[in-house]
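Visitor: Handing you this structure, nothing more for now.
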Amino acid sequence: MIALVRAVMLVLALGASCAHAADIEYLAPPGVPAGEFPAPRRPVAQIVSPSRSGEEHRDSLDENGEIVRLLGLKPGMTVGDIGVGSGYHAVRLSPLVGPSGSVVAEDVTRDYLVEFAKRTQRLGLKNVVLALGEPHDPRLPASSLDAAILVHMYHEIAQPYAFVYNLAPAFKPGARVGIVDLERPTAEHGTPIALLRCELAAVGYRAIASYQLAGDGGYLAVFSPPSAADRKPPGEIVACQDEAGRR
């Protein structure tokens, strides 16, 4: 019943003509509380900006195009842009997925979503849904996403084990998660890929592939989210000890 209610909530949200600041809300009931999970045993970077760098520079590197091709994103999909910020990827994914698809623009910073809502209105994007999240929980409906991207923001997630645990039920069977980050310490706004793999494996995600993006784009790490049966219970999750990916 809960899964059905969540799905209905997303369908209703997708029925709106386009994203509006007034539509900023949680799309699903809360998941497992943060206190049930271990804290990360490494620094968490502060959220300092809604965008990593200028959009013209990112376009010159074909950042969005690379991610689309490597993740196999296609028309008709529902794609979550987790930590949407200023919406660089979301506004480019919107025409890609088309009228039969949708982009769920999630962020924990309401002000970023307010500004992004204005952008979607200016551009007339009708298949974008705004989704407010929490530092430990993206608050997305169950079985709603075909794929998700987390671009240059993983190192800013205050409760990473809780967040990716609570994100897992939002995926449909066969979904993929693409995480983009830089190969440098989390305190320096990056995530060593060994540490990333360790932290996601601690919850039950399975590493599929990794790619080096052009220029200063960093890497794209692709994961398969765990099923309900494969997700480790919060009390059994062991935090990764350091940035070498050791526990």
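Visitor: Quick one: which of 72, 85, 133 is in contact with a strand residue (DSSP E or B) (Cβ under 6 Å, 6 or more places away or on another chain), within 28 Å of residue 202 (Cβ to Cβ) and not hydroxyl-bearing (Ser, Thr, Tyr)?
Guide: The unique qualifying residue is 133.
Visitor: Still on this structure, I have one more. Just to be sure I understand, how many residues within segment 183-215 are part of a loop (DSSP other than H, G, I, E, B) and free of Cβ contacts under 8 Å to residues at least 24 places away in the same chain?
Guide: 1
Visitor: Can you tell me how many residues in segment 101-147 are of a type in the set (D, E, K, R) and in a strand (DSSP E or B)?
Guide: Total meeting the criteria: 5.
Visitor: Still on this structure, I have one more. Test of understanding: among 104, 97, which residue is touching a residue at least 60 places away in the same chain (Cβ under 8 Å) and β-branched (Val, Ile, Thr)?
Guide: 104
Visitor: Restricting to segment 33-59, name every residue that is farther than 18 Å from residue 233 by Cβ, assigned to a loop (DSSP other than H, G, I, E, B), out of contact with any Ser or Thr (no Cβ under 9 Å at 6 or more places or on another chain) and not polar (S, T, N, Q).
Guide: 41, 48, 52, 54
Visitor: Against the definition (in contact with a Leu (Cβ under 9 Å, 6 or more places away or on another chain), within 25 Å of residue 121 (Cβ to Cβ) and modelled with pLDDT under 95), how does residue 22 come out, yes or no?
Guide: no
Visitor: Looking at segment 215-238 only, could you name the residues that are farther than 14 Å from residue 167 by Cα, surrounded by 14 or more Cβ atoms within 10 Å (Cβ to Cβ), touching a helix residue (DSSP H, G or I) at 6+ places or on another chain (Cβ under 7 Å) and modelled with pLDDT of 95 or more?
Guide: Of everything in segment 215-238, those that are farther than 14 Å from residue 167 by Cα, surrounded by 14 or more Cβ atoms within 10 Å (Cβ to Cβ), touching a helix residue (DSSP H, G or I) at 6+ places or on another chain (Cβ under 7 Å) and modelled with pLDDT of 95 or more turn out to be 219, 220, 221, 222, 237.
Visitor: State yes or no: is residue 27 assigned to a helix (DSSP H, G or I), in contact (Cβ under 8 Å) with a residue 40 or more places away in the chain and either surrounded by fewer than 19 Cβ atoms within 10 Å (Cβ to Cβ) or in contact with a strand residue (DSSP E or B) (Cβ under 6 Å, 6 or more places away or on another chain) (or both)?
Guide: The answer is no for residue 27.
Visitor: Going through segment 52-107 one residue at a time, which ones are on the phi > 0 side of the Ramachandran plot and surrounded by 15 or more Cβ atoms within 10 Å (Cβ to Cβ)?
Guide: Answer for segment 52-107, where residues must be on the phi > 0 side of the Ramachandran plot and surrounded by 15 or more Cβ atoms within 10 Å (Cβ to Cβ): 62, 83, 85, 87.
Visitor: Would you pick out the residues in segment 139-194 that are among the hydroxyl-bearing types (Ser, Thr, Tyr) and crowded, with 24+ Cβ neighbours inside 10 Å?
Guide: Within segment 139-194, 144, 154, 161, 165, 191 meet the criteria.
Visitor: Separate question: Please identify the pairs in which a residue from segment 50-67 that is over 13 Å from residue 87 (Cα atoms) has its Cβ atom under 7 Å from the Cβ atom of a residue that is in a loop (DSSP other than H, G, I, E, B), counting only partners at least 6 apart or on another chain.
Guide: Close Cβ pairs (under 7 Å, with a partner that is in a loop (DSSP other than H, G, I, E, B)) amount to 61/214; 61/215; 61/217; 62/214; 63/213; 63/217; 66/213; 66/214.
Visitor: Of the residues that make up segment 199-207, is at least one closer than 24 Å to residue 61 by Cβ, modelled with pLDDT of 95 or more and among the charged types (D, E, K, R)?
Guide: Within segment 199-207, not a single residue is closer than 24 Å to residue 61 by Cβ, modelled with pLDDT of 95 or more and among the charged types (D, E, K, R).
Visitor: May I ask you to list the residues in segment 60-76 that are under 19 Å from the mean Cα position of the chain (by Cα) and part of a helix (DSSP H, G or I)?
Guide: Across segment 60-76, the qualifying residues are 63, 64, 65, 66, 67, 68, 69, 70, 71.
Visitor: Now for a separate question. With the structure loaded, tell me whether residue 110 is at negative phi, crowded, with 16+ Cβ neighbours inside 10 Å, of a type in the set (Lys, Arg) and at pLDDT 95 or above or whether it fails that test.
Guide: Taking the combined requirement at face value, the residue does not satisfy it.
The values are calculated or read from the model by the stated rules, or taken from the named source; none is laboratory data. On a predicted model such as this, the values are computed, not experimentally measured, just so you know. Note that we place each Cβ from the backbone using ideal geometry, even for glycine, and neighbour counts take in every protein chain shown.
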